[in-house]
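The values are calculated or read from the model by the stated rules, or taken from the named source; none is laboratory data. Nothing here was measured: the structure is a model prediction, and the numbers come from that model. All Cβ positions, even for glycine, are placed from backbone atoms using ideal geometry, and neighbour counts span all protein chains on display.
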Amino acid sequence: MLTMSANTAEIARLGDRVQAAGKGAAPAYSMAINRVAVTARAGMVRVLAKQTGLKQKTLRKALKRKNSTAGTLSAEISSAGGDIALKFFAPRETARGTSAAPFGKRSIYTGTFMKGGHFPNRVEASGLNGHAWKRTGAGRGPIKVVNSGVVIPEQMIEGATRAVFYKTVEAELPKRLLHELSRRLVG
């Protein structure tokens, strides 16, 4: 079970500012939530890269952020999709199979291939598109793409990624709320 705590002195100060801000409080909340969501997503991308073995560029595309509005007052970081192909984990073909690094650990997937022809003169075959393939029948075909076992939506709610999200929200949200409310009072 995950618990979160907050400093009561900060909450009291925040209550005073909310009363003073009046109608400007909801947009201030929304801006604070959005700013913290951006920070949390960036931290999640860094940790997910280590946790999954994917590149940060790939993860930035995969993690979508839905902004808060004054009406909703909630932001969302989400991802969709299933088991990711070995193609995204720096695969290399070896004589024993394809070597790839899902979850940041390189291993050999025996019986898989990425190129055509006989060893050692293997060539890039058209239609294989950089994927690792495995034969599913007794002959030359049919073949199927080999997946890694990494599912981003599952990984983003586990371990270090989950911890980074909650740590960021707990540490940054009260400060951002105070900041945004103070801006409304001054400006």
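A few comments on the model shown:
- Members of segment 52-88 found to be assigned to a helix (DSSP H, G or I) and in contact with a strand residue (DSSP E or B) (Cβ under 6 Å, 6 or more places away or on another chain), listed by number: 86
- Considering (1) free of Cβ contacts under 8 Å to residues at least 12 places away in the same chain; (2) assigned to a loop (DSSP other than H, G, I, E, B), the lone condition that residue 95 does not fulfil carries the number (1).
- Test: residue in segment 54-67 that is closer than 17 Å to residue 176 by Cα, touching a helix residue (DSSP H, G or I) at 6+ places or on another chain (Cβ under 7 Å) and modelled with pLDDT of 85 or more: yes
- Across segment 129-139, not a single residue is classified as assigned to a loop (DSSP other than H, G, I, E, B), buried (at least 17 other Cβ atoms within 10 Å of the Cβ) and assigned by TED's automatic domain parsing to the domain that holds residue 59.
- Qualifying residue in segment 60-78 (condition: more than 30 Å from residue 26 (Cβ to Cβ) and of a type in the set (A, V, I, L, M, F, W, C)): yes
- Test for residue 118: is it surrounded by fewer than 15 Cβ atoms within 10 Å (Cβ to Cβ), of a type outside the set (S, T, N, Q), part of a loop (DSSP other than H, G, I, E, B) and outside the structural domain of residue 39 (by TED's automatic domain parsing): yes
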